[in-house]
Amino acid sequence: MTDVTLYHWEPNANSGKPMLALFEKGVAFDSHYLDLLNFDQHKPDYLAVNPLGTIPAMTHGQHVLTESTAIMEYVDEAFDGPRLMPVDPVDQWRTRWWMKFLDQWLAPSFSMIGWSVFVGPSVRQKDPAELEAAIDRIPMPERRIAWRKAINGAFSAEEMAESQRRVALGITYLEEALGQRDWLASDSYGLADINGFNLAYAMPLSQPQLCNDDLTPNIMRWLRAIYARPATRACWALGRTDLARRISLLESEPA
């Protein structure tokens with residue numbers, strides 16, 4: 001047992017960020033898997049930890065921490081191990097710029113696409129009354145709306161087109177930045193890379209017309225370099241759904 005417990009879903013997107021930060025820092029933690037597709041995050045046991053019902057959350061001693069990017073920064077500051085926030089002030093600025101861009105611009109678009117093609121179809125076969133009861137337990141009204149849209153396939157064509165536009169622009173920005181340096185925000189692997197990887201790992205599969213070895217060699221090099229890290233392999237070994245198996249695409253070398 002440790003004094004750190006991480007409540008998480010699959011090791012991607014929001015859950016993956018603090019998971020991977022903990023592995024990179026070498027911090028032992030108790031892994032508490034929450035099945036998002038079974039609405040574990042809205043059940044009383046977890047709501048007692050995080051009343052908003054969002055994942056991930058982390059406890060460290062008596063502290064309860066939420067919001068994935070803020071947890072990553074806490075992990076970096078609170079524990080020994082390799083520093084994940086650069087020392088140079090310009091690199092720190094670049095790190096925070098990228099994390100804000102990823103969280104506020106790219107993440108909502110990836111989320112909408114993912115909810116439409118994976119989350120919604122994965123829970124749609126459940127009993128309608130059971131589903132409605134589960135949605136009614138969600139504390140945040142906007143999350144109830146998102147779940148209903150995902151389940152009913154109700155994201156509009158305009159919403160999906162805007163998400164695709166943002167993803168395409170984000171890919172362009174990433175490719176340009178990674179043509180300037182090996183890592184996203186500095187000359188060392190760090191928080192911006194962890195944040196970006198957990199959003200972008202599946203782009204070659206979900207957006208093959210935009211992200212591939214010919215069009216985006218810098219992104220592909222970056223994704224493969226992160227996936228090759230022992231911490232990333234250990235982190236993704238905790239996955240339980242098909243999402244975890246999709247990352248195996250990065251094991252292939254450029255054609």
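The values are calculated or read from the model by the stated rules, or taken from the named source; none is laboratory data. Please read these numbers as outputs of a predicted model, since none were measured by experiment. A quick note on method: Cβ atoms are made from the backbone with ideal geometry, for glycine too, and the neighbour counts reach across all protein chains shown. Quick note on the areas: whole protein, heavy atoms, side chains included, nothing else; ligands and nucleic acids left out. Shrake-Rupley method; radii C 1.70, N 1.55, O 1.52, S 1.80 Å.
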Requested in this report: Per residue of region 114-120, in order, report the coupling 6.51 cos²θ - 1.76 cosθ + 1.60 (Karplus, θ = phi - 60°) as ³J(HN,Hα) in whole Hz, putting x for Gly and Pro.
Outcome: x, 5, 6, 9, 10, 5, x
Query - Estimated FRET transfer efficiency (Leu47, Arg83; beta-carbon r; R0 25 Å; 0.05) - result: 0.10
Query - Among Leu199, Leu102, Leu131: highest mean-square fluctuation, GNM of the chain, C-alpha pairs under 10 Å - result: Leu131
Query raised in the report: So what is the relative contact order of the chain, in percent, for Cα pairs below 8 Å that sit 6 or more residues apart?
Result: 24 percent
Report task. Return the distance in nm (one decimal) between the two label points of a simple spin-label model at Arg165 and Asp30, each offset 7 Å from Cα along Cα→Cβ. Result -> 4.8 nm
Report summary line: Expected vector for region 196-213, Karplus 3J(HN,Hα) from phi with 6.51, -1.76, 1.60 and θ = phi - 60°, integer Hz, x for Gly and Pro, equals x, 4, 6, 8, 9, 4, 9, 4, x, 8, 7, 10, x, 6, 10, 10, 7, 5
Query - Heavy-atom SASA rank of Arg224, Arg245 (probe 1.4 Å, accessible area, largest first) - result: Arg245, Arg224
Report summary line: Arg96 and Arg233 label points (each 7 Å along its Cα→Cβ direction) are spaced in nm at 3.6 nm
**Report entry** Alpha-carbon centroid distance for the pair region 157-181 / region 219-255, whole angstrom
**Finding:** 21 Å
Query raised in the report: Classify region 89-229: rounded, prolate or oblate, from the alpha-carbon gyration tensor (a ≥ b ≥ c, eigenvalue square roots; a/c under 1.5 rounded; otherwise prolate if a/b is larger than b/c)?
Result: prolate
Report task. Mind telling me which of Thr241, Thr95, Thr216 comes out most flexible in a GNM of the chain, alpha-carbon contacts under 10 Å? Result -> Thr241
Requested in this report: Determine the gain in length on full extension of the stretch Glu158-Ile145; use 0.36 nm per residue of separation and subtract their C-alpha separation, reporting nm with one decimal.
Outcome: 3.0 nm
Query - region 81-122-region 34-80 distance, computed between alpha-carbon centres (Å) - result: 17 Å
Query - Helix-only mean residue ellipticity at 222 nm for the chain, each DSSP H run of n ≥ 4 adding -39500 (n - 2.57), per residue, nearest 500 - result: -15000 deg cm²/dmol
Requested in this report: Could you tell me whether the chain comes out rounded, prolate or oblate from its Cα gyration tensor? Rule is a ≥ b ≥ c as square roots of the eigenvalues, rounded for a/c under 1.5, then prolate if a/b exceeds b/c, otherwise oblate.
Outcome: oblate
